[in-house]
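The values are calculated or read from the model by the stated rules, or taken from the named source; none is laboratory data. Keep in mind that this is a model prediction, so the values were computed, not measured. Every residue, glycine among them, receives a Cβ derived from its backbone with ideal geometry; neighbour counts consider all protein chains shown. With ligands, DNA and RNA removed, areas are computed over all heavy atoms of the protein, side chains included. Shrake-Rupley method; radii C 1.70, N 1.55, O 1.52, S 1.80 Å.
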Amino acid sequence: AQSTLQNSPALKRLNLGNPLYSSKPTRAKPVHATTPYFPEVLLTKHFFPRHLVIQAQVMNNTSHPEERTLSDVAFVVAESSDDALQPTIEVPIRTLPVKVAGSTWCVLAASPQRLDGTAFLTCELRFTVLSVDAATGAPLNFGDEATGFARTYVEELQDIEIRNTEFSL
């Protein structure tokens, strides 16, 4: 996980340095029944002195009979229960073909000393499903409804708990 943090140009520009602690990956669970296009999502929390970076590793393993490419895949913190953690930057995945994994990131400004015990983050996975050309595997459209199927989904995920002690592990 550390190497992928350093490989993201958007994250590298933030000069975060090395994380104090990174959690083990956990499977993201949707709150409601999902679409057949809902990908597998593993979440890793990376704690820095003044930031929290949440990495959502997304695997486009659609069980739908017609293969679909996902585009504009973003892990979004929609709400924080504590002002000490506030989302500042989202780094989406532009395209994610079938059977391919990629990472989307959400960076939160953190004030661990102000964090009162445990905060809860309300999170979403947002993505657009695109038709693909069966012969080439290339997406048929990027939001152009005339050339194929494109539908955007917003899937609410179970809240993520952040404890102030995680910043000092």
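Listing for the model above:
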{"read-out": "Whichever lysines have a C-alpha closer than 20 Å to that of LYS12, once near sequence neighbours (fewer than 8 apart) are set aside", "value": "LYS45"}
{"read-out": "Contour excess over end-to-end distance, with Cα ends at ILE89 and THR165 and 0.36 nm allotted per residue", "value": "25.0 nm"}
{"read-out": "Normalised contact order of the chain, rounded percent, pairs of Cα under 8 Å and 6 or more residues apart", "value": "22"}
{"read-out": "Label-point separation, ALA33 to ASN15 (7 Å along Cα→Cβ), nm", "value": "5.2"}
{"read-out": "Length gained when the stretch ASP116-ASN61 is fully extended (0.36 nm per residue, less Cα-Cα span)", "value": "16.0 nm"}
{"read-out": "Per-residue SASA entry for SER81, accessible area with 1.4 Å probe, Å² rounded to 10", "value": "80"}
{"read-out": "Estimated inter-spin distance, GLU79 and VAL154, nm [label 7 Å along Cα→Cβ]", "value": "1.2"}
